[in-house]
Structures are given as C-alpha cells and as structure tokens.
1. Go through segment 11-23 and give me each residue that's surrounded by 10 or more Cβ atoms within 10 Å (Cβ to Cβ) and among the charged types (D, E, K, R).
2. Among the residues of segment 106-116, write down those that are surrounded by fewer than 18 Cβ atoms within 10 Å (Cβ to Cβ) and among the hydroxyl-bearing types (Ser, Thr, Tyr).
3. What number of residues in segment 36-59 are crowded, with 19+ Cβ neighbours inside 10 Å, of a type outside the set (Gly, Ala, Ser) and in contact (Cβ under 8 Å) with a residue 40 or more places away in the chain?
4. Which condition number in (1) buried (at least 17 other Cβ atoms within 10 Å of the Cβ); (2) among the acidic types (Asp, Glu); (3) closer than 19 Å to VAL21 by Cα is the one that GLU121 fails?
5. What single numbered condition from (1) closer than 30 Å to THR43 by Cβ; (2) surrounded by fewer than 13 Cβ atoms within 10 Å (Cβ to Cβ) fails to hold for GLY103?
6. Can you tell me how many residues within segment 126-153 are open to solvent by 50 Å² or more (accessible area, probe 1.4 Å) and over 14 Å from ARG108 (Cβ atoms)?
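The values are calculated or read from the model by the stated rules, or taken from the named source; none is laboratory data. As the structure is a prediction and not an experimental result, all values here were calculated from the model. Don't worry about glycine lacking a Cβ; one is built from the backbone with ideal geometry, like all the others, and counts go over all protein chains shown. Heads up: the accessible areas ignore ligands, DNA and RNA and are worked out on the full protein's heavy atoms, side chains in. Shrake-Rupley method; radii C 1.70, N 1.55, O 1.52, S 1.80 Å.
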Amino acid sequence: MANRTDPDADTVHGANPQFLVDRIVRVKIYNDAYWKEYCFGLTTESLIDEAAKLDYVAGTYGGRRRPSRFLCLFLKLLQIQPDEDVVLEYIKQPELKYLRALGCAYLRITARYLTVYQTLEPLFADYRKLRYRNMQGKMSMIRMDEFIDWLMREETICDVTMPQMPKREILEQTGQLDVYQSVLEDDLEDLEELERSLKEQAKEEAPAAEKAEASMTKEAEDGEGEKGEVEEKRREERRDDRRDDRRDRRDERERRDRRDGRDDDDRKERRERRDDEKKRKDRDDHRDREERREKKEKKDKKEKDEKKKKPKYANKADEERAAGHSKNDKDGLTVEESNEIRKRLGLKPLR
C-alpha cells in the first residue's frame, strides 16, 4: 500500500507516474531504509521539511547503486502527484535551492514542453552552487543553471530517463514560443559601449603616444654608441674568462691523468702480489694433501701386513683340528676310539 500511486492521480504521458522511473531503480528505492522510515505518509507540505534537509543532488551511487534521498523524494512526488501550482511554488521560492532543483526535475518529467521552457529558462540566471554526487559516489560542485541545462538537454538525469522535447528553434518557427532573449543581453550592451569608449580614447591619445615614441627613439640612438663600447668590453671579459676556464680544465685533466697512471701501477702491483700469494697457497695446500694421502696409504698397507702375519688360530688345539684332527671329539678321541669304549660299556656306538 505504501508504494502505490495516489488513486486520484492522473496518468503522465499515458502511464502510471511512478513507472516513469525504471523498475530496477524503483525497486531499489522501495527497499531503501530512508524510503521506509521517512518517506512514508509524506504530503506536499511535509515533503518541504525533508527537502530542506537535502545536501546534494544525485541518483544512485556506489557499488551497490544505493538510491539517494533526492531520488527517493523525487519518486514520492510522482506518487502523490501534487498540483502544478504547488510545484511552481517549489520552484519560485528562493530560499531552499535543493527544493527548487527537486521541483524542476519533477516539472521537467511531468509537464508539457511549453510549460517546461517558460518555467525553467528564467532559472538560467540562478548561479547558486549545488553539490552533485556521481555514480562512483564522488562529490563535485555544480551551479543551478548547469543543472537546469542538464534537464533541458540530457536524456538521463539522476538515473531517470526524461521524455523528449521538441527543439526550441522549431517552437519559435511555429510561433509557440517567442524568440529567446538571454539575461546577458544587458551586460553585452554595456560591454559594447565600453569597447566604443576605449576606442575613442585611444584615438585621442594616439598623437601624444607618437611624440613620446619619437623622443624615446632619439634617446636610444644617442645612447647606442656608449652602449656599444660597454658591450665590447663585456665581450672581451667573457672571452678572457672562457680562456682561463679552458686552461684550468686542461691542467686539471693532466693532473688527473698522472694520478690515474700512478694508481694503475699500484693496482697492478697489488694484483700481481695477490696472485703470487694465491699460487703459493695453492702449492702448499696441494703438498699437504699429497702428504696426508701418502701417510694414509702407508698406514693402510701396514695394517694389511699385520693382518697377514697374525696367527690364524687362537690356540694349538684349533690348529691341530684344522691340520687333520677335525674328526676328534672334544676330548681328542676319534670316532672309532669312542665307539670302542662305548661298546665295552654296553652303549650304542656313535654314528
């Protein structure tokens, strides 16, 4: 119910007034907290209080394309559809500039084109500043006459598509509108009068200026000889200075070359000494590595020889068993001897 158009409202351009705003923008306005909290139940009188709190003109802005308060109040005007006299009072009052901008936008989208031209064109003389918020959310400063020019020329203002209007030249040719008279015509006439007066004054002062110029030319010719001598002395001094500078630079370059030559010899000598030290160190390291390798080889050879000389058996019994007595038992008897003894004792022979 809160989003429905007033039942007593007339159609605008053959459609519901709220439908002049695109559906996507209209849904965003309906879901906005400002619309639900402050625009509910507004009338033509209470809307003035909300318009007085406006501080910028905008449509939707930001990444989520949030509708501005200006756009919410604009849709509210389309919903309640105030009388044309009330809208004209919104525009004519001089104190609340944002209320005037709101009324101009509403009149532009709902009124006939003759009324739009006759009502909005005088506002080109209003140069008050307005804050404008663009689609990215950045603020900028515009003038009231600039905003009126947008309403007259642009197709989309504050995310609202404006109905087309015939050009003023066509209306002038058909006699529906008088020839446009700019509010700057008086200023242009004053400017033309000022230009004419300046031209007349320049003509009157021309003879005096010619005499002054002739006297200055004569004085310049008299002082030209003295000036030439002074300039010649200055040129000589500059030549001497340049000659001295060249000599100083040449001497400095020679000293630098000699110094660089000595430095090169010192660097070469240090490099050779450093190379000799490195070679000597490499030789010493190589000799140490060879000595360590020889010592290790001698040690390994000695251990190998000791292993060869070491007895193979831990005791004599082991040596005898290895020499051919491996068939003896632990007491040193052979199997036959053990079986003979076991036969005497009545035991089974060993296998």
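1. Matches in segment 11-23: ASP22 only.
2. TYR113, THR115
3. The total comes to 2.
4. (3)
5. Here GLY103 meets the rest and fails (2).
6. Selection size over segment 126-153: 14.
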